[in-house]
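K.L.:
For reference, the structure I am asking about is given below.
The values are calculated or read from the model by the stated rules, or taken from the named source; none is laboratory data. Please read all numbers here as calculations on a predicted model, not as lab measurements. Because the Cβ atoms are built from the backbone with ideal geometry, glycine has one as well, and the counts that use them run over all protein chains shown. Quick note on the areas: whole protein, heavy atoms, side chains included, nothing else; ligands and nucleic acids left out. Shrake-Rupley method; radii C 1.70, N 1.55, O 1.52, S 1.80 Å.
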Amino acid sequence: MIIEQFAAFAQPVLRTTIVRRTRRNHGLEHATIHILASRIPNLRMAGRSSENGFVLLGEAPQEMVEKAAHDALRRMQRGEHQLAIHPNCGTNLVTTGFMATVAAMFGLIGSRRRDMFDRLPAVMSLVMLTLLIAPGVGTSLQKHITTDGDPADLEIVSITRSRVQMPFGGEPVTVHRVVTRSS
């Protein structure tokens, strides 16, 4: 597949320290959310990874987050690499948005402003087809580019919980910070 070929070409970048660590943490972030979701009904949580770990935004007891993160790491180390892939990943959302936009633009190529409504059925068909294809593309991008299901020597250093007041008011948000270390 094209994504696998691109990933092979991009290996020099994907193997750089900062990218490798971020991909491992992104995989552990997803695995942690998978495990939390299996233990907490109707879990609403988002995450953001970096080379030094990840943050989880959403309400969950500290002890459950700690246990889920350690369980996720242990399971990934034992070969459950598929835990690194999550259907609600931002990679999937960005991929879908990008592909739908390109499909719509493609459907409108050559049309004049007054002809745009005549193209609506074609544009809708292209966008709907894209919406069927995009999740698979996003999953492949996660698998080969944005996450790493093999944590290698990744270890959890600390997990802390805090409440952060968001700008412009509203309820404070619970933030779980997972600090990791790896080569």
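K.L.:
With a 1.4 Å probe and all protein chains left in place, how much accessible area per residue does the chain have, in Å²?
P.N.:
Accessible area per residue: 60 Å².
K.L.:
Which of Arg21, Arg163, Arg113 ends up with the largest GNM mean-square fluctuation for the chain, with Cα atoms connected below 10 Å?
P.N.:
Evaluated over the chain, the most mobile residue of the options is Arg113.
K.L.:
Then there's this: Counting other Cβ atoms within 10 Å, which trypsin sites (Lys or Arg not before Pro) in region 60-91 have at most 14 and lie in a DSSP loop?
P.N.:
Those that pass, being in a loop and sparsely packed, are Arg78.
K.L.:
Starting from the Cα gyration tensor of region 93-173, take the square roots of the eigenvalues, sort them a ≥ b ≥ c, and report rounded, prolate or oblate (rounded when a/c is under 1.5, otherwise prolate if a/b is larger than b/c, else oblate).
P.N.:
In terms of gyration-tensor shape, oblate.
K.L.:
Follow-up question, since we're still on this one. Hey, got the dipole for region 110-162? About the Cα centre, +1 on K and R Cβ, -1 on D and E Cβ, debye to the nearest 20?
P.N.:
So the dipole magnitude of region 110-162 works out to roughly 600 debye.
K.L.:
So, one more: Only Cα pairs under 8 Å and at least 6 apart count here; give the relative contact order of the chain as a rounded whole percent.
P.N.:
The value is 30 percent.
K.L.:
Could you give the length gained on full extension between Asp118 and Ser162, defined as 0.36 nm per residue of separation minus the Cα-Cα distance, in nm?
P.N.:
So the chain would gain 10.5 nm between Asp118 and Ser162.
K.L.:
Here's a follow-up. If you plug each phi of region 106-113 into the Karplus form 6.51 cos²θ - 1.76 cosθ + 1.60 with θ = phi - 60°, what whole-Hz ³J(HN,Hα) values come out, in order, with x for Gly and Pro?
P.N.:
Result, ordered by residue: 4, x, 9, 4, x, 7, 8, 3 Hz.
K.L.:
Which value, in debye to the nearest 20, gives the size of the charge dipole of region 53-153 about its Cα centre, when Lys and Arg are +1 and Asp and Glu are -1 at the Cβ?
P.N.:
600 debye
K.L.:
Pick from Val65, Val157, Val55: which is most flexible by mean-square fluctuation in a GNM of the chain where alpha carbon atoms under 10 Å apart are linked?
P.N.:
Fluctuation is largest for Val157.
K.L.:
Give, to the nearest whole percent, the P(r) tail of the chain beyond 31 angstrom, counting all Cα pairs.
P.N.:
For the chain, the fraction of Cα-Cα distances above 31 Å is 30 percent.
K.L.:
Let me spell out the model: positive unit charges on the Cβ of Lys and Arg, negative unit charges on the Cβ of Asp and Glu, origin at the Cα centre of the chain. What dipole size does that give, in debye rounded to 20?
P.N.:
Values: 21 positive and 15 negative charges, 51 e Å.
The dipole magnitude comes to about 240 debye.
K.L.:
Run the accessible area of region 50-172 with a 1.4 Å probe and give the carbon-and-sulfur part as a rounded percent. Kindly include the intermediate steps, with their values, before the conclusion.
P.N.:
Working: 4800 of 7600 Å².
Looking at region 50-172 in its full context, I get 63 percent from C and S.
K.L.:
What value, in deg cm²/dmol to 500, does the helix sum -39500 (n - 2.57) over DSSP H runs of n ≥ 4 give at 222 nm once divided by the residues of the chain?
P.N.:
Value at 222 nm, helices only: -16500 deg cm²/dmol.
K.L.:
Given axes a ≥ b ≥ c from the Cα gyration tensor, I'd like to know whether region 76-133 is rounded (a/c under 1.5), prolate (a/b larger than b/c) or oblate.
P.N.:
In terms of gyration-tensor shape, prolate.
K.L.:
I've got another one for you. For region 1-50, just run the numbers: alpha carbon Rg, then divide by 2.2 N^0.38 Å, N being how many residues it has.
P.N.:
Details: Rg = 14.4 Å, N = 50, 2.2 N^0.38 = 9.7 Å.
Working it through for region 1-50, the quotient is 1.48.
K.L.:
Given H placed on each backbone N at 1.01 Å, which residues far from Gly47 in sequence or on other chains put an amide H within less than 5 Å of it?
P.N.:
When sequence neighbours closer than 5 places are left aside, the close amide H contacts are Leu57.
K.L.:
Name the most mobile residue of Leu73, Leu108, Leu131, meaning the one with the largest mean-square fluctuation, in a Gaussian network model of the chain with Cα contacts below 10 Å.
P.N.:
Fluctuation is largest for Leu108.
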